[in-house]
1. Determine, yes or no, whether N9 is exposed (fewer than 15 other Cβ atoms within 10 Å of the Cβ) and not in a loop (DSSP other than H, G, I, E, B).
2. If we keep just the residues of the stretch 14-28 that are in contact (Cβ under 8 Å) with a residue 12 or more places away in the chain and open to solvent by 50 Å² or more (accessible area, probe 1.4 Å), which is nearest to A64 (Cα to Cα)?
3. Condition check: within 26 Å of S45 (Cα to Cα), open to solvent by less than 30 Å² (accessible area, probe 1.4 Å) and basic (K, R). Does R97 satisfy that?
4. Restricting the search to the stretch 153-170, which residues are outside any loop (DSSP other than H, G, I, E, B) and open to solvent by 40 Å² or more (accessible area, probe 1.4 Å)?
5. Exactly one of (1) touching a residue at least 60 places away in the same chain (Cβ under 8 Å); (2) open to solvent by 20 Å² or more (accessible area, probe 1.4 Å); (3) assigned to a strand (DSSP E or B) is unmet by H130. Its number?
6. Has the stretch 74-97 got any residue that is assigned to a loop (DSSP other than H, G, I, E, B), touching a strand residue (DSSP E or B) at 6+ places or on another chain (Cβ under 9 Å), within 29 Å of L175 (Cα to Cα) and modelled with pLDDT of 95 or more?
7. Taking only the stretch 97-127 into account, find how many residues are among the hydroxyl-bearing types (S, T, Y) and touching a residue at least 24 places away in the same chain (Cβ under 8 Å).
8. Please specify each residue of the stretch 1-21 satisfying the condition of being within 17 Å of the chain's Cα centre (by Cα) and of a type in the set (G, A, S).
Amino acid sequence: LTTYNFADNHDVDRVASVLRDPAHLYPLYLLLFTMPGVPSIYYGSEWGIPGERRPDSDAPLRPAIDGPRPPPDARHPELADAIARLARVRHASPALRRGDYRALHVASEQMAFARVCAEETVVVAVNASHAPAVVSIAAEWRGRRLVDRLDPGVPLEAGGDRMRIEVPPCWGRVLAVE
């Protein structure tokens, strides 16, 4: 069965108020759109709107939003564009929508995994650090080209025993194996 995945909703504090580091919204949504399950964005979270429950009310979780523009308290109005990019990448990828999941690398601030289905293999690498990182994984796709669906101009060649994936700070790479 496909799971329904979300980072926040109308019953819990908004994720923009929970994260200690606001830059972590970007790797969080990258994971939400590349992990197994159907991603869901609670209205306003695409702009990083804050909101915390109070003992007497959860009204701060449900602000009125007038129209398709970010409200004045939106902390990350550019986040919506990143989420739209991730949605387009997911929509175009059978592996991200319904592929099997396999962990390739797990560390305190980075992780990598493969999503595999009959039509496609995708390797996702995520970096929660504020510095660029290199994720090293076994070179299972030796001799194949990997194309980053988030930045298609930077292909990788899989060769040798290990593949080194350079990952930008607080972001990730979504690499389709060709």
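The values are calculated or read from the model by the stated rules, or taken from the named source; none is laboratory data. Note that this is a predicted model, so its numbers are computed, not measured. Positions of Cβ are generated from backbone atoms using ideal geometry, with glycine treated the same way; all protein chains shown enter the neighbour counts. Surface accessibility is based on the protein's heavy atoms, side chains included, excluding ligands, DNA and RNA. Shrake-Rupley method; radii C 1.70, N 1.55, O 1.52, S 1.80 Å.
1. No.
2. P22
3. It is false that R97 is within 26 Å of S45 (Cα to Cα), open to solvent by less than 30 Å² (accessible area, probe 1.4 Å) and basic (K, R).
4. E157, R162, R164, E166
5. (3)
6. yes
7. Adding up the residues that qualify gives 2.
8. Correct list: A7, A16.
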